[in-house]
Amino acid sequence: MSGYRHPRSSALDCILSSFQMTNETVNIWTHFLPTWYFLWRFSMLCSSLDFLTESYTWPLLVYLLLICLYPFTSSCAHIFSTMSAEARHICYFFDYGALSLYSLGCAITYGSYVMPDCWVNSWLHQHFVTIAIGNSLFCTSMSCYSRFVELQFPHKSKILRTAAFVVPFLFDSFPLFYRLLSCCWGSCSPSEALASHSYHLLFAFLTCFLFASHLPERLAPGRFDYIGHSHQLFHICAVVGTHFQMEAVLTDMASRKDWLTSHSFLPSFLGTMGVLALGILLNLGIIGTFSAGLTPRQSTSASSGAHLHQE
């Protein structure tokens, strides 16, 4: 209800606003600071792993690049979204695209390190990344489209945007759900990786709940405008969940290396970095298409409705 910045701010004003208390300040820093944490972890792993020549590490390389990209893009979107109504749309188009690419990176990594033993070399395993590319395009397209119907049909927009991110998450997590259920049924023994995977899933569900529910601000409108509203909590849960996901992937990668390299194909450059490059190009194409489709009327409507909710 309060704490909004001027909707025609300059780039410098947007940057300076990140050091002032507005309703976006905590949103900015809850993703900007984790970007540096993930970059630090990336640099540490670069000193212990051979990303240049060891193909087994390439899925991890893609994943690490994308967990650095998505919080940084989100932070930039929250910083510069008040430059104009059109800029607000485009900033969040890129935010959605980065999250979509992150889901693709998760699929590449899960397909290489997390897949259950009995699913290795199955049809799903062989086509896992291909389907994930389609999910990524669906995610970006649907989330960007949801902005065009936001003012006229806010509930429909919310459902579309939520579904856009839930679908790739559920697909990526199928192998993980199977492993966790197998352990619940006594078919495997608990491991450090599965414990971290469980924490990641817990925070992922909390992230989705906070995004969809708008709690706690809906219970006390205005009281959480600056600190404590759902978008800030959703940011925090997302990065904490990503931390546990990273730890789980690293554990699976190390503990299952001998078995996976002897029973499955090694990751290829085209299947990892090539897929990432293709995903970036296709998502940029989608973002460009939706950006070109913006009209002055839509941009003005978005600006007038900007005070209704957080992105």
| message | Give me, ordered by chain and number, the residues 5 or more places off SER191 or on other chains with an amide H under 5 Å from its own placed amide H. | response | none
| query | Among THR140, PHE177, THR261, whose Cα sits farthest toward the positive end of the charge dipole of the chain (+1 at Cβ of Lys/Arg, -1 at Cβ of Asp/Glu, about the Cα centre)? | reply | THR140
| note | Given Cβ charges of +1 for Lys and Arg and -1 for Asp and Glu, the option among PHE42, SER103, SER196 whose Cα lies farthest towards the positive end of the dipole of the chain is SER103
| query | Hey, what do the phi angles of the range 49-62 turn into as Karplus ³J(HN,Hα) couplings, whole Hz, using 6.51/-1.76/1.60 and θ = phi - 60°, x for Gly and Pro? | reply | 10, 9, 6, 7, 10, 8, 5, 4, 8, 5, x, 5, 4, 4
| Counting pairs of Cα atoms in the chain, how many percent are more than 31 Å apart? | 31 percent
| said: Suppose all protein chains stay in the model; what accessible area per residue would a 1.4 Å probe give for the chain, in Å²? | reply: 46 Å²
| message | Tell me the mean residue ellipticity at 222 nm calculated for the chain from its helices only (DSSP H runs of n ≥ 4, each -39500 (n - 2.57), averaged over every residue, nearest 500). | response | -24000 deg cm²/dmol
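Carbon and sulfur: what percent of the range 11-293's accessible surface (1.4 Å probe)?
Percent of accessible area from carbon and sulfur atoms in the range 11-293: 73.
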| task | Taking every pair of alpha-carbon atoms in the range 11-93, give the share separated by more than 15 Å as a whole percent. | result | 63 percent
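Need one number: convex hull volume per residue for the range 250-300, Cα atoms only, in Å³.
107 Å³
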| Which value, in debye to the nearest 20, describes the size of the charge dipole of the chain about its Cα centre when Lys and Arg Cβ atoms bear +1, Asp and Glu Cβ atoms bear -1, and nothing else is charged? | 720 debye
| field | Proportion of all alpha-carbon pairs of the range 176-300 beyond 21 Å (%) | value | 66 percent
| query | Can you pull the accessible area of GLU217 for me, 1.4 Å probe, Å² to the nearest 10? | reply | 40 Å²
| request: Pull up all non-local amide H partners of SER84: gap of 5 or more, or a different chain, and H-to-H distance under 5 Å with H placed in the peptide plane. | output: none
| task | Return one number: the angle in degrees, 0 to 90 and rounded to the nearest 10, between the long axis of the Cα atoms of helix 123-146 and the longest principal axis of the Cα atoms of the chain. | result | 0 degrees
| field | Residue-by-residue Karplus 3J(HN,Hα) for the range 224-232, coefficients 6.51, -1.76, 1.60, Hz, glycine and proline x | value | 10, 4, 9, 9, x, 7, 5, 5, 5
| Relative contact order (percent) for the chain, with alpha-carbon contacts under 8 angstrom and 6 or more residues of separation? | 25 percent
| said: Using the Cα centre of the range 1-128 as origin and beta-carbon charges of +1 (Lys, Arg) and -1 (Asp, Glu), tell me which of ALA77, TRP58, SER9 is placed farthest towards the positive end of the dipole. | reply: SER9
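Please compute the volume of the convex hull spanned by the alpha-carbon atoms of the range 94-198 and report it per residue in Å³.
In the range 94-198, the Cα hull volume divided by residue count equals 108 Å³.
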| Computed Rg/Rh of the range 113-173, alpha carbon atoms with Kirkwood Rh | 1.16
| message | Skipping prolines and chain starts, which residues have an amide H placed within reach, meaning under 5 Å, of the one on GLU217, given they are 5 or more residues away or on another chain? | response | SER230
| said: Relative contact order of the range 1-128, please, whole-number percent, based on alpha carbon pairs below 8 angstrom and at least 6 residues apart. | reply: 28 percent
| field | Mean-position separation - Cα centroids, the range 13-88 and the range 109-127, in angstrom | value | 29 Å
| message | Taking θ = phi - 60°, what integer Hz values does the Karplus form 6.51 cos²θ - 1.76 cosθ + 1.60 yield along the range 29-37, in sequence order, with x for Gly and Pro? | response | 6, 6, 10, 6, 5, x, 4, 5, 5
| field | Residue order for HIS214, HIS6 - accessible surface, 1.4 angstrom probe, largest first | value | HIS6, HIS214
| field | Rough spin-label spacing in nm, given labels placed 7 Å along Cα→Cβ, for LEU16 and ALA212 | value | 4.2 nm
| field | Linear extension gain, LEU52 paired with ASP117, 0.36 nm per residue minus alpha-carbon span | value | 20.7 nm
| What do you reckon, how do THR251, THR53 stack up by accessible area (1.4 Å probe), largest on top? | THR53, THR251
| query | Where in the range 152-227 are there trypsin sites (Lys or Arg not before Pro) that are in a DSSP coil and have at most 12 other Cβ atoms within 10 angstrom of their Cβ? | reply | ARG218
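What does the highest-first list of 57-66, 35-44 look like by mean Cβ count within 10 Å?
Ranking the peptides 57-66, 35-44 by packing returns 57-66, 35-44.
The values are calculated or read from the model by the stated rules, or taken from the named source; none is laboratory data. Worth saying up front: this structure is predicted, and the values here are computed from it rather than measured. Cβ atoms come from the backbone with ideal geometry, glycine included; neighbour counts cover every protein chain shown. With ligands, DNA and RNA removed, areas are computed over all heavy atoms of the protein, side chains included. Shrake-Rupley method; radii C 1.70, N 1.55, O 1.52, S 1.80 Å.
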